[in-house]
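**Student:** If you scroll down you'll find the structure; I have some questions about it.
Derivation of every value follows stated rules applied to the coordinates shown; laboratory data play no part. Since the structure is predicted, the reported quantities are computational estimates derived from the model, not experimental observations. Quick reminder, even Gly has a Cβ in these numbers, built from the backbone with ideal geometry, and neighbours come from all protein chains shown.
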Amino acid sequence: MFLEMKVSCIVADPFTDMPVVILNEENGEKSLPLWVGFEEASAIAMEIKKTPRPRPLTHDLLKNVIIATGYEVSEIEITELRENTFYARLRIKKDGEECLVDSRPSDAIAIALRVGCRIMVEEDVIKASLSVKIGDKDQSAGDILEDIPTEEFGKYKM
């Protein structure tokens, strides 16, 4: 079963200082932490903040190509967690035909924010994500989320 989620914030992992995009369930209590690269976090943060860009960045370009070819992104889906790697896809449509395009979750989120479509996450991915082991400290994603002070949420600086 898929749940609709929204980007809540971007925080820094207190152990690795890597950016973590936090997705929260639209009308519930479930969260999904996604460790992303600095460039991907920047692309997401720029769109959240509506930072003006003089020229299209990669995600802007992809959005423009999708639209120019007559397609629309109806939603993105984070579908699977396999061997500590998250999988996602863009669901794009044109003239009643649907196409699924494989994507990294961070890229899919950056595009979803640009086109204003839903972010859907398979419920099993959320459950599995809390036991993902991070780094050499044998900590799970759930442990790290608990260790981040509430006042730090949303304070990640690019």
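**Student:** Among the residues in the range 28-51, are any part of a loop (DSSP other than H, G, I, E, B), in contact (Cβ under 8 Å) with a residue 24 or more places away in the chain, within 22 Å of E77 (Cβ to Cβ) and basic (K, R)?
**Tutor:** yes
**Student:** Name every residue in the range 59-83 that is assigned to a helix (DSSP H, G or I) and loosely packed, with under 12 Cβ neighbours inside 10 Å, in order of residue number.
**Tutor:** L61, V65, A68, listed by residue number.
**Student:** How about the range 84-100: which of its residues are crowded, with 17+ Cβ neighbours inside 10 Å and among the basic types (K, R)?
**Tutor:** Selection gives R89, R91.
**Student:** Moving to a separate point now. Return a yes/no flag: does the range 12-30 have any residue that is closer than 27 Å to E123 by Cα, loosely packed, with under 15 Cβ neighbours inside 10 Å and hydroxyl-bearing (S, T, Y).
**Tutor:** yes
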